[in-house]
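Here is the structure we will look at.
The values are calculated or read from the model by the stated rules, or taken from the named source; none is laboratory data. Predicted model, so just to flag it, every value in this text is computed and none were measured. A quick note on method: Cβ atoms are made from the backbone with ideal geometry, for glycine too, and the neighbour counts reach across all protein chains shown.
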2 protein chains.
Amino acid sequence: MLGDPEKYAEDMGYFKGKPEAVVIARGVEDVRKTLEIAREKAIKVTPWGKGTSVTGAAITNGGILIDLSNMNKILEFSDEDWTIHVEAGVVLDDINKFLKPRGFFFPPDPASSFMCSVGGATSEGSGGMHCVKYGTMKDWVLAVKVVLPNGEVVKIGEPLQKNRVGYDLVHLMVGSEGTLGIITEVWLKVIPIPDYKVLRVLAFFNKEDDISRTIINLRKNRIQPEIAEYMDSKVLEALKKSFNIETEGVGALLIDIPEFSLEKLKESLHNSILVKIAENEDEKEELYKARSFAYLAIKATSKYSMSEDIVVPVSKLPKVFKKIRELEGKYQISSPILGHIGDGNLHPVITYDDDSKDRAMEFFKELCEYVIDEGGSVTGEHGVGIQKRELAIEQIKKHNGDEVLRLMKKIKDVFDDKGIMNPTKQVV
Amino acid sequence: MLGDPEKYAEDMGYFKGKPEAVVIARGVEDVRKTLEIAREKAIKVTPWGKGTSVTGAAITNGGILIDLSNMNKILEFSDEDWTIHVEAGVVLDDINKFLKPRGFFFPPDPASSFMCSVGGATSEGSGGMHCVKYGTMKDWVLAVKVVLPNGEVVKIGEPLQKNRVGYDLVHLMVGSEGTLGIITEVWLKVIPIPDYKVLRVLAFFNKEDDISRTIINLRKNRIQPEIAEYMDSKVLEALKKSFNIETEGVGALLIDIPEFSLEKLKESLHNSILVKIAENEDEKEELYKARSFAYLAIKATSKYSMSEDIVVPVSKLPKVFKKIRELEGKYQISSPILGHIGDGNLHPVITYDDDSKDRAMEFFKELCEYVIDEGGSVTGEHGVGIQKRELAIEQIKKHNGDEVLRLMKKIKDVFDDKGIMNPTKQVV
């Protein structure tokens, strides 16, 4: 089935490009045939899950775009093997809707989980709030069915809890951003919903420094939260303005914590000015409101907003906060900070309008380069896409060496010697 | 420094072979120089950690063997970033000895952890008892320093909790068994010792079938143990005979369980004939005795013993138990079963003497082929090595397709075009 190229011309990060043709795949055979033709005619191919990328990963100028969103069946679930087998177009939240009444859950939960596809999340190696404890997609994908650029359909990996046969090509596929082949099915690990009670804590602070110091204290005190989210003063202001959500101080931490770690957590929050604790689902929902509306609230403060995705070692958080504030002054750009602070993954949201776009891009570049120089990464969960190609290459050259980049390019050639798979994405 | 080839001529799985020369590396520069010379003269190179492989992975006939065990420094630990940076020769238990007083732990715990090296465990993608909850080495390695076969020294990966830049080559290195390069340093994630109390449960059963059904029940009842080990009647008999350890029935499960899941666990053990629960460290040590002496006890029953390493989906455990008993009859071979039963990873120990060696090998082959046909894997944590090369290739061809094997071989060529790195190991 063919789709309308106009409908695939922009992603959620404002990246634009119009494919020449869109194939809406009904099954793996459609994908296989399309790749066969594309290879023969040397036409580039870009896979599309739900278009929720913020880095241009699923955007193409010309070429064929394959929409996998109609391949959306949950194929098999085993409560004995703790695995679920799904088609690539299944929406991530639909997996958890299926699992919840059965007592299981699937931890990775990107902000777009209500609409993103599992194939997209796998290709992007997505993360989310629960990753501070449970890791990202890479920690949950056991195997994938892939249509290779030569039209061969293969299963990569084994849907087993353990396997040591052969090289680990599964993790090569996770995060490859459609540059090695098209993922049509995924086998995932799932785990039981915890037996212990999880409480939700919202703590407000009077100084930004106190917050990063608190996170470092949490780590030093060996506290393992289920989520650990940060909202700065600008986020709190925006929440008050747009949604009339009551806040205090200049920043807040939202932490989900197992009951058995609550006392340890409370001790570590001694710098805070107010601590709210939610015990039941309704109270938890109430405390979560601030975080759930945060991005919308920020978006309302300017014409454009770019949610950044830097990662640093937790020990370097205070330096990075300082740097962001310094850059805000230098470029006269406001950058509210949201983030998965527990694993050092911050989303400073760079806000701008048509007049300040150039300054915003300079802010972005200087921040990313600072992060690279501090040993961090320019992306923790959004991926490279078109947006960070140059910066990601710079990061690899500085942290890993030119030879590692050469290895990646050669691996790309092994899978895709004609270079038809989603070119100009990732670092290859 | 040169070593004595005689000292590197056998591993713990009776695989034999004598290197022509042994280099005892004092640092990365020794490794680099050795690989440079080896490449120039097209001499094969095999890395050696502590020689605890049971698959011949570190055994070589001729060529150069590089012993990394003297590179054994813990380089850096951060209680803020929850990472530890170590040289490849550090003994795995030494990491936990270092971490324990600091309140942290590193979960992968192969049976050889008291003497195996972290470089070996990384190259082999090793597992252990705690992997039923915490996963294997692949889930804990953030980055590695590698000397590539062309003599280039690179860091692969980022020592960060999250990173999405480039292809994931870290997981390509984990489990590559020295065929892609030599790992000289490793950055690992660590986690806090849990805040909750962990109890130890030893349950005895009257029927073998009841045990596999119990494990399936545990899974269906969504019980997440910290360890879940199985010992069959032959293991129990051997324990009684060699170590006078008191047992009951025809098999036992040893389970470490968080206090908050104990009641759920007890309900699921209704088939058992006796349940012992240990609360404090001394009692736990006492219950652990059986498992810790199990392999020694089995070894005492025959001249040779081969600890197998099959994995099946948990739902298929009853079928596999039946098959093992059937093969014991067919080949007149005794195969006590030990294993990490919670993740479907069994270690049937094939016992034999000089007369029954051929039958033992046929038993081994038929069992592995049965496992492949049932969708399982011939290795969960011991790796492929020399031992399972043919079987592993068969598994990939049957489960993944010839094309996946071709991809692996091409990736091997990308790293090692001269084919000098540990040839005849793994599937490439």
Can you tell me which residue is surrounded by the most Cβ atoms within 10 Å (Cβ to Cβ) among those in segment A:352-376 that are in contact with a helix residue (DSSP H, G or I) (Cβ under 7 Å, 6 or more places away or on another chain) and more than 14 Å from every other protein chain (Cβ to nearest Cβ)? A:PHE363
Are any residues in segment B:369-428 charged (D, E, K, R) and either closer than 27 Å to B:PRO108 by Cβ or not in a helix (DSSP H, G or I) (or both), and if so, which ones? B:GLU374, B:GLU381, B:LYS388, B:ARG389, B:LYS412, B:ASP416, B:ASP417, B:LYS418, B:LYS425
Tell me the residue from B:GLU281, B:GLU246 that is acidic (Asp, Glu) and closer than 26 Å to B:GLY127 by Cα, please. B:GLU281
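For segment A:141-168, which positions are at positive phi and within 26 Å of the chain's Cα centre (by Cα)? Outline the logic, then answer.
We begin by selecting, within segment A:141-168, every residue at positive phi; these are A:151, A:157, A:166.
The one that is at positive phi and within 26 Å of the chain's Cα centre (by Cα): A:GLY157.
Please verify whether A:LYS316 is modelled with pLDDT of 95 or more, out of contact with any Pro (no Cβ under 8 Å at 6 or more places or on another chain) and either of a type outside the set (S, T, N, Q) or over 16 Å from A:GLU229 (Cα atoms) (or both), treating the condition exactly as stated. I'd like the intermediate steps shown before the answer.
Details: modelled with pLDDT of 95 or more: yes; out of contact with any Pro (no Cβ under 8 Å at 6 or more places or on another chain): yes; either of a type outside the set (S, T, N, Q) or over 16 Å from A:GLU229 (Cα atoms) (or both): yes.
Taking the combined requirement at face value, the residue satisfies it.
Filter segment B:73-99 for residues that are more than 14 Å from every other protein chain (Cβ to nearest Cβ) and without any contact (Cβ under 8 Å) to a residue 24 or more places away in the chain; which is nearest to B:GLY128 (Cα to Cα)?
Our first condition is that a residue be more than 14 Å from every other protein chain (Cβ to nearest Cβ); within segment B:73-99, this holds for B:73-75, B:86-98.
Now drop any that are not without any contact (Cβ under 8 Å) to a residue 24 or more places away in the chain, which leaves B:73, B:93-94, B:96-97.
Values: B:LYS73: 23, B:ASP93: 12, B:ASP94: 16, B:ASN96: 14, B:LYS97: 17 Å.
Only one residue fits best here, namely B:ASP93.
Scan segment A:14-56 for residues that are hydroxyl-bearing (Ser, Thr, Tyr) and either under 28 Å from A:LYS73 (Cα atoms) or not in a loop (DSSP other than H, G, I, E, B) (or both) and jot them down.
Our first condition is that a residue be hydroxyl-bearing (Ser, Thr, Tyr); within segment A:14-56, this holds for A:14, A:34, A:46, A:52-53, A:55.
Listed by number, the residues that qualify are A:THR34, A:THR46, A:THR52, A:SER53, A:THR55.
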Any residue that is farther than 18 Å from B:LYS398 by Cβ and more than 9 Å from chain B (Cβ to nearest Cβ) - is there at least one of those in segment A:152-172? no
Within the set of pairs 6+ apart or on separate chains, which have a first residue in segment B:20-41 that is closer than 10 Å to B:ILE66 by Cα, a second that is part of a loop (DSSP other than H, G, I, E, B) and among the acidic types (Asp, Glu), and C-beta atoms under 8 Å apart? B:VAL22/B:ASP4
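Answer yes if at least one residue in segment B:81-93 is assigned to a strand (DSSP E or B), surrounded by fewer than 17 Cβ atoms within 10 Å (Cβ to Cβ) and touching a Pro at 6+ places or on another chain (Cβ under 9 Å), and no otherwise. Give the steps one after another, and end with the answer.
So the first thing to find is which residues in segment B:81-93 are assigned to a strand (DSSP E or B), and the list is B:83-87, B:91.
Within this subset, residues satisfying the condition of being surrounded by fewer than 17 Cβ atoms within 10 Å (Cβ to Cβ) are none.
Checked against the condition, which is being assigned to a strand (DSSP E or B), surrounded by fewer than 17 Cβ atoms within 10 Å (Cβ to Cβ) and touching a Pro at 6+ places or on another chain (Cβ under 9 Å), segment B:81-93 yields no hits at all.
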Out of the residues in segment A:380-411 meeting the condition of being over 30 Å from A:ILE341 (Cβ atoms) and more than 8 Å from chain B (Cβ to nearest Cβ), tell me which one is nearest to the chain's Cα centre (by Cα). A:LYS409
The residue from B:ALA228, B:ALA238 that alone is within 13 Å of chain A (Cβ to nearest Cβ) and either in contact with a helix residue (DSSP H, G or I) (Cβ under 6 Å, 6 or more places away or on another chain) or free of Cβ contacts under 8 Å to residues at least 12 places away in the same chain (or both) is B:ALA228
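Can you report the number of residues in segment B:277-307 which are in contact (Cβ under 8 Å) with a residue 60 or more places away in the chain and touching a strand residue (DSSP E or B) at 6+ places or on another chain (Cβ under 9 Å)?
Of all residues in segment B:277-307, those in contact (Cβ under 8 Å) with a residue 60 or more places away in the chain come to B:277-279, B:283-284, B:287-288, B:290-291, B:294-295, B:297-298, B:300-301, B:304, B:306-307.
The next check asks that each one be touching a strand residue (DSSP E or B) at 6+ places or on another chain (Cβ under 9 Å); those that pass are B:277-279, B:283-284, B:287-288, B:290-291, B:294-295, B:298, B:301, B:304, B:306-307.
The number of residues fulfilling the criteria is 16.
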In segment A:50-58, is there at least one residue being among the basic types (Lys, Arg) and assigned by TED's automatic domain parsing to the domain that holds A:GLU20? yes
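Using the structure shown, decide if B:ALA88 is out of contact with any strand residue (DSSP E or B) (no Cβ under 8 Å at 6 or more places or on another chain) and either of a type in the set (Phe, Trp, Tyr) or not assigned by TED's automatic domain parsing to the domain that holds B:HIS382 (or both).
When the stated conditions are applied, B:ALA88 does not pass them.
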Has segment A:196-209 got at least one residue that is closer than 20 Å to A:PHE415 by Cβ, of a type outside the set (S, T, N, Q) and touching a helix residue (DSSP H, G or I) at 6+ places or on another chain (Cβ under 9 Å)? no
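Restricting the search to segment A:222-233, which residues are within 16 Å of A:ILE298 (Cα to Cα) and either surrounded by fewer than 22 Cβ atoms within 10 Å (Cβ to Cβ) or of a type outside the set (D, E, K, R) (or both)?
Filtering segment A:222-233 down to residues within 16 Å of A:ILE298 (Cα to Cα) leaves A:229-233.
Correct list: A:TYR230, A:MET231, A:SER233.
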A:GLU177 within 14 Å of chain B (Cβ to nearest Cβ), of a type in the set (Asp, Glu) and within 24 Å of the chain's Cα centre (by Cα): yes
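Can you spot a residue in segment A:52-67 that is of a type in the set (Asp, Glu), surrounded by fewer than 21 Cβ atoms within 10 Å (Cβ to Cβ) and at pLDDT 95 or above? So that I can check it myself, show each step before the final result.
Within segment A:52-67, the first condition is being of a type in the set (Asp, Glu), and the residues that meet it are A:67.
This time we only want the ones that are surrounded by fewer than 21 Cβ atoms within 10 Å (Cβ to Cβ), so: none.
Within segment A:52-67, none of the residues are of a type in the set (Asp, Glu), surrounded by fewer than 21 Cβ atoms within 10 Å (Cβ to Cβ) and at pLDDT 95 or above.
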